[in-house]
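Working notes, beginning with the structure itself.
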Amino acid sequence: MIKKVLALFLILFAMLILHGCFFPEKHPIEDLQNILIAGIDRDGEDIVLTIVVDTINQSNSGENQIGAELYVATGKTVFEAKRSLHEYTEKRIVWYHLKYIIIGEEAAEQGIDPYLSFFCENNENRFSHRLIVAQGITAKDLVQQICSQEGGVSENIDSLFTETARTGKSSEITLLDYAITRERPWESLYIPVITLIDNPVAQKSDDTQGQDGESSHEHKVLLQLDGYALFDEDLLTCFLDGDSTRGINFVINELDSTGIVVQDDKGQNVSLEIIESKVSIKPDFDEPLSAAIEVVVKSNMVEYTENQDVGEEYITYLEQRQDAYIQNEIEQALTVIQQKKLDVIGMGDAFYHENVFKWNNIKEDWQNIFADLKITVKVTSDIKCTYSLLNAAGA
Amino acid sequence: MKKGDYDNTQNTHGRDALISGSLTSDNIKKLFSESGDIIYRGFLIKNRADLKMTIIYVDGMVNTKIIDDNIICPLSASHWYDQCATLAQAYALSLNGALDVSSLKSTKSTEEAVGAILAGKTILVFDTLKSAIIVDTIGFEKRSITPATEESTYRSSKDSFVETLRVNTATLRKKIKSHHLVLEETVVGKQSHTRLCIAYMKNICNDTFVDIIKKRLDAIDQDKALSISDIYSNVVKKKYTLFPTAVITEKPEACCMSLLEGKIAIIIDELPYSLVFPAVFGDFFQSSCDYGHNYIVASFFRILRYICFTLAIFLPGFFVSVTVFHPEMIPYKLAMSIASSRTGTPFSMYIEVLLMSLTFFILIQASLQISRTIGGAISIVGGLVLGEAAITAGIVSPAVIVVVATASICSMAIPNKEINSVLWLFQLICLVFSSVFGLIGIIITLLILFFSLAKLNPLGVPYIAPYGLKGPLQLEDSFIRFPQNLIKKRPFYLDPKNKRRKR
């Protein structure tokens, strides 16, 4: 019995002294302020860090309300900039719940590794942070714009990603994706882009205000999540527009849903909602190197002229039109990335998994090989549902 | 030596001499000279001066109707005694059927006669023969069988044990009508002379258990056996453990189920409980109500009890750990909700949780110590008024109340009261360790818990059985419950003589 008790105490003691710190440091939850969004810009040699932290304020009725505060700091590194914030914040600012890292266009052009390496290595950060590039605007201005909008700070961007998933013109990239891509020299990085666009409703209201003399509460600019920023190593190289981004998303299997419009045999517009898309990349090591991309797409007819005779031939025709539409979109996107020598679709990875020995011979020159790679695209469409009330058999 | 001590010793020696002396009514009177409840009635059989005897019994413990109708009436009126020439003939006649009683025996031992008087029997002392007849006239007031009050009785029999041993043994006999059911009796307690009954199934129960229990009961050297702990602590022999190693039940149904599994029960006279040995950890998560439910529902509830057990021990400690040491583990919205609820509270998180937990334990103790009518009021005052007032006054945060209340409710979901007390102690241990070491404190508590469980082996049976043993993982009626027709074997860890249930 005594031996057993001694053994237990020995285990406990060993556990306490070996786990790193005998008495762990206390960080009571009420003494912390969480950074929700971090914006990174360049000001010459310095890094400008813009952060949004949560605050708990007491309202007049005595209830606690959660708000947000914006801080801007400058430093040689992200760490130094963040530390300088401690001089005037009430509570300890922590990275635990950081959700978005927004990188300004200018900062991205100078290389993102110096900033993101800090987030990868810092113990308070998580690899689940999502990356965004601000196009045509500094990260600071974008963060200010986000804060000025109604609703939760990070929820505004959350809803952008949720809604953009329906168009297929963007997708989420996390810090982990960045770290994995940077580990593979043959792959290139892409990060979703947010821009500010004019709000047409607000402009119209301004015109009306001039006549009626009433003020408008509409925002003059809106956030738009559209397209990818493509990187050569860690340097921002170019931006892809929304349609090309969707072409890329077809190939990298990041497309949940989207809508396309094709014309039927009578020139009428038909809206097709893509509900499922699966892709397979088949690399071929035979000289000259080539690859075949096969995309299988399932879609529904969601809008068309009801008096149309929706028969088998009609649907086959629409499927062919859809094949051509998607194939064209993918090929256009491939043309852009091959011209820029940026393998953002994981083509190198497909060759690696096909034959690692042959891959070792070509991986050093992969960027040039990728630029000249002959890629054939084959799309197979399947229209599942017509929603036709007049011709239910065609459903 | 003081004078009083000397007198007491002399008095004790005198009584010992009387006990070992000849069996006469005078000796018995001297033994009980200071007791007013002993009735002595001199009696002349058939009113003959040569047939003198004395009837002795304890007032209140006997059925006087039996004495009047079945003893005194035959002694005074039966024609059998007309032909008696001597007292010896009358004595023999009484033993051989002249008295209208079902159970009697003769004795020449004063000690046996005194024991019989104290057990509620009547003795007929024949002074000149230095002999007595012991007649079973036990008939004191006893509580009738009522529904169990401490254990739930959902879709199971509602009867419970009472304070009378014979009623309890009869209840067991009524439920298990098998000649294999053995009810061995013994007496424990040098002063209290408490009767015990050891119940087991001769064809199922492992003989080793019976031998160990008998040996330990025989070895009991104490003056009383008036409470559960008097017997429990002597049979269990484990002084340094928090966990109970016997199931204490007031339900004969639960007791019978255990007997049929191959366990052994001790029923103590004057206590409405039975102690079932050996108990393993899983037994405390089972309830006889489980067998009233569908097997899927019953399995769900059993799993839920294990979850509740875990939550009750670790939830407050885990809450302190993550909010004080590891706030990064909490989802953002929950973290903000907790942080905003903490605004303005004066104490640190672990002091708050500790205070609220202690308040809960105090409430439990208060409601146990007072009568049931006021107990409800205590719950209302404690739960509603105190909790609400503490939040309004800003002494504690609502999140802490929610955590402590959840842990408390979880602890109540365990059907066994013994485990409840252990659980509360481990909750405090976990809380203290977590307050100092964070999540490492949780691991320390977990290790202590596993160590405490794994080192126990009541009557040689591993306490964590059937888990972690070499034998088959018998899940039929343990962590979950199979349909009744699939529960075919008795627990292997009890090593029963008859391993199949249907034999």
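Read-outs throughout are calculated quantities, based only on the coordinates presented, and are distinct from any laboratory measurement. Just so it is clear, the model here is predicted, and its values are computed rather than measured. Note that each Cβ is placed from the backbone with ideal geometry, even for glycine, and that neighbours are counted across all protein chains shown.
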Quiz item: Hey, if you drop one equal point scatterer on each alpha-carbon of the protein assembly as shown and run the Debye formula without solvent, what base-10 log of I(q)/I(0) do you get at q = 0.07, 0.10 Å⁻¹?
Solution: -0.85, -1.23
Quiz item: Can you give the helix-only mean residue ellipticity at 222 nm for chain A, where every DSSP H stretch with n ≥ 4 adds -39500 (n - 2.57) and the sum goes over all residues, rounded to the nearest 500 deg cm²/dmol?
Solution: -11000 deg cm²/dmol
Quiz item: When all C-alpha to C-alpha distances in chain B are sorted into bins of 10 Å, what percent of pairs does each bin hold, rounded to whole numbers?
Solution: 3, 15, 20, 19, 16, 12, 8, 4, 2, 0, 0
Quiz item: If you wrap a convex hull around the Cα atoms of the range B:287-363, how much volume per residue is inside, in Å³?
Solution: 136 Å³
Quiz item: the range B:123-206: which chymotrypsin sites (Phe, Trp or Tyr not before Pro) are DSSP loop and have at most 14 other beta-carbon atoms within 10 angstrom?
Solution: B:F140, B:Y154
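Among the listed pairs A:K169/A:K358; A:K169/A:K363; B:K108/B:K142; B:K239/B:K417; A:K169/A:K340, which are separated by more than 23 Å between their Cα atoms?
In this structure, A:K169/A:K358; A:K169/A:K363; B:K108/B:K142 lie more than 23 Å apart at Cα.
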Quiz item: What are the semi-axes of the equivalent ellipsoid for the range A:239-385, taken as the square roots of 5 times the Cα gyration tensor eigenvalues, largest first, in whole Å?
Solution: 34, 14, 12
Self-check item: Dimensions in Å of the range A:30-240 - Rg and Dmax from alpha carbons
Solution: 18.2, 60
Quiz item: Under unit Cβ charges (Lys, Arg +1; Asp, Glu -1), what dipole magnitude, rounded to 20 debye, does the range A:30-240 have relative to its Cα centre?
Solution: 400 debye
Self-check item: Rounded to whole Hz, the Karplus (6.51, -1.76, 1.60) HN-Hα couplings of the range B:404-411, x for glycine and proline
Solution: 5, 5, 4, 4, 5, 5, 4, 5
Quiz item: With charges only on Cβ, +1 for K and R and -1 for D and E, what is the dipole size of the range A:241-395 about its Cα centre, in debye, rounded to 20?
Solution: 300 debye
Quiz prompt | Cα Rg over Rh - the range B:122-264, Kirkwood | solution = 1.02
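Looking at chain B, which longest stretch skips every one of the GluC sites (Glu not before Pro) that is in a DSSP loop with at most 15 other Cβ atoms within 10 Å, leaving the sites themselves out?
It runs B:271-503.
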Self-check item: Principal axis dimensions, largest first and in whole angstrom, of the range B:294-460 by Cα
Solution: 54, 44, 32
Exercise. Select from the range B:163-208 those trypsin sites (Lys or Arg not before Pro) which occupy a DSSP coil region and have at most 16 other Cβ atoms within 10 Å, ordered by residue number.
Key: B:K177, B:K190, B:K202
Exercise. Of the options B:V125, A:L175, B:P331, report the single residue whose Cα projects farthest towards the positive end of the charge dipole of the protein assembly as shown (beta-carbon charges: Lys, Arg +1; Asp, Glu -1).
Key: B:V125
Practice problem: For chain A, set up a Gaussian network in which alpha carbons nearer than 10 Å are linked by springs, and say which option among A:E80, A:E331, A:E30 fluctuates the most. | Solution: A:E30
Self-check item: Choice from A:Q65, A:Q320, A:Q149 showing the highest fluctuation, given a GNM over chain A with Cα pairs closer than 10 Å
Solution: A:Q65
Practice problem: Diagonalise the Cα gyration tensor of the range B:440-503 and give the resulting equivalent ellipsoid semi-axes, square root of 5 times each eigenvalue, largest first, whole Å. | Solution: 29, 15, 7
Self-check item: Overall dimensions of chain A as given by Cα atoms, namely Rg and Dmax in Å
Solution: 26.3, 92
Practice problem: Place a +1 charge on the Cβ of each Lys and Arg in chain A and a -1 charge on the Cβ of each Asp and Glu, then give the dipole magnitude about the Cα centre in debye, rounded to the nearest 20. | Solution: 1620 debye
Quiz item: GluC sites (Glu not before Pro) within the range A:279-327: which are DSSP loop residues with at most 11 other Cβ atoms inside 10 Å?
Solution: A:E306
Exercise. Would you mind giving the mean number of other chain beta-carbons within 10 Å of the Cβ of each residue in B:336-344, as a whole number?
Key: 6
Exercise. Could you pull out every one of the aspartates and glutamates with an alpha carbon less than 14 Å from that of B:K455, ignoring same-chain neighbours closer than 8 positions?
Key: none
Practice problem: Rounded to whole Å and sorted largest first, list the principal axis extents of the Cα atoms in the range B:250-298. | Solution: 38, 19, 17
